[in-house]
1. Among the residues of the range 120-154, write down those that are modelled with pLDDT under 85, in a helix (DSSP H, G or I) and open to solvent by less than 30 Å² (accessible area, probe 1.4 Å).
2. Would you point out the residue of the range 155-172, among those that are hydroxyl-bearing (Ser, Thr, Tyr) and open to solvent by 10 Å² or more (accessible area, probe 1.4 Å), that is farthest from the chain's Cα centre (by Cα)?
3. How many of the residues in the range 202-252 are among the polar types (S, T, N, Q) and assigned to a loop (DSSP other than H, G, I, E, B)?
4. Could you please tell me which pairs satisfy a Cβ distance under 8 Å, a separation of 6+ or placement on different chains, a first residue in the range 223-245 that is buried (at least 17 other Cβ atoms within 10 Å of the Cβ) and at pLDDT below 80, and a second residue that is in a helix (DSSP H, G or I) and among the small types (Gly, Ala, Ser)?
5. Go through the range 58-86 and count every residue that is closer than 19 Å to Leu159 by Cα and open to solvent by 10 Å² or more (accessible area, probe 1.4 Å).
6. Scan the range 3-59 residue by residue and report those that are under 13 Å from Thr164 (Cα atoms) and part of a loop (DSSP other than H, G, I, E, B).
7. Pairs, please: C-beta under 6 Å, at least 6 apart or cross-chain, first residue aliphatic (A, V, I, L, M) and in the range 86-97, second not in a helix (DSSP H, G or I)?
8. Give Leu107, Leu86, Leu115 a once-over and let me know the one that is touching a helix residue (DSSP H, G or I) at 6+ places or on another chain (Cβ under 8 Å) and at pLDDT 75 or above.
Amino acid sequence: MPDISLTMVVVLCLAALAAGWIDAVVGGGGLLLLPALLLGLPNGASAAQYALGTNKAVAIVGTTGAAVTYARRTPVDVRIAVRIGLAALAGSTAGAFVAAGMSTEILKPVVMVVLLGVGAFVILRPSFGTAPATGPVSPRRVLAAIGLAGVGIGFYDGLVGPGTGTFLVLTLTAILHLDLVTASATAKIVNCCTNAGALATFAWKGTVYWQLAALMAVFNLVGGTVGAHTALKKGSGFVRGVLLTVVFTLVAKMAYEQWRA
């Protein structure tokens, strides 16, 4: 365990619970969990790497729980999801290696800029993700999803991480013409692969606080399972509302932190 207070451990566990719920509904739980870890873990030259590694160890548990819940209740093309996931596994592993020399200060502005793009896109497309595709997905679209959602977003997940689930949902909805709930279900399977690739790399480098991660993972699992049930019950309109709320709340928070610094 890192040298942090009991109060901070409780705060991190609550953040893991909320992040699990958010991640299951629309993705992007890491946008809450990673900043919490960056704030709560001891400062040092390798603080960002330990935050990234511990974040992956926590997130993979909640993501897996959400994926299982979705798979039981939502028709998901597992074959396509696994193909994208394997590409994402390779991408996230490569991204995690590149992340070895990244400092904490680089993380926040990168995530903030990408979030602004996500929010603008969803607002300008109010019908985005409200209806599923009416026909089979063409091989060209599957290849595009493997390249962009798999390799591209997988690399981002290993490199930075926060927002990966959200970006997967948006990309899968746009390319495969899925509704937001089905896209969330598919994204969970892919996200399990990206988390596994990145976690393996961080574990090999020894930048994971395993005891803290195990404790936080219990809360993340509960949040992920409840969040998946909520999304399935409420539908795509609810998912879209949560997406916009998460995006702009976090942009405002990160912009304030940048301005204050």
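1. Within the range 120-154, just Val122 meets the criteria.
2. Initial filter on the range 155-172 (hydroxyl-bearing (Ser, Thr, Tyr)): 156, 164, 166, 171.
If we keep only those that are open to solvent by 10 Å² or more (accessible area, probe 1.4 Å) too, we end up with 156, 171.
Working: Tyr156: 10, Thr171: 13 Å.
Only one residue tops the list, namely Thr171.
3. First pass over the range 202-252, keeping only residues among the polar types (S, T, N, Q): 207, 211, 220, 225, 230, 236, 245, 249.
After this cut, where a residue has to be assigned to a loop (DSSP other than H, G, I, E, B) as well, the list is 207.
The qualifying residues number 1.
4. These pairs meet every condition: Val239/Ser184; Val239/Ala231.
5. Residues of the range 58-86 that are closer than 19 Å to Leu159 by Cα, as a first pass: 58-60, 63, 84-86.
Then keep just the ones that are open to solvent by 10 Å² or more (accessible area, probe 1.4 Å); that gives 59-60, 86.
Residues meeting the conditions: 3.
6. Across the range 3-59, the qualifying residues are Gly27, Gly28, Gly29.
7. Between residues of the range 86-97 that are aliphatic (A, V, I, L, M) and residues that are not in a helix (DSSP H, G or I), there is no close pair.
8. Values: Leu107 fails: at pLDDT 75 or above; Leu115 fails: at pLDDT 75 or above.
Only one candidate qualifies: Leu86.
The values are calculated or read from the model by the stated rules, or taken from the named source; none is laboratory data. Just so you know, these numbers come straight off a predicted model, no measurement behind them. Virtual Cβ from ideal backbone geometry, glycine too; neighbours counted across all protein chains shown. All accessible areas refer to the heavy atoms of the entire protein, side chains included, with ligands and DNA or RNA removed. Shrake-Rupley method; radii C 1.70, N 1.55, O 1.52, S 1.80 Å.
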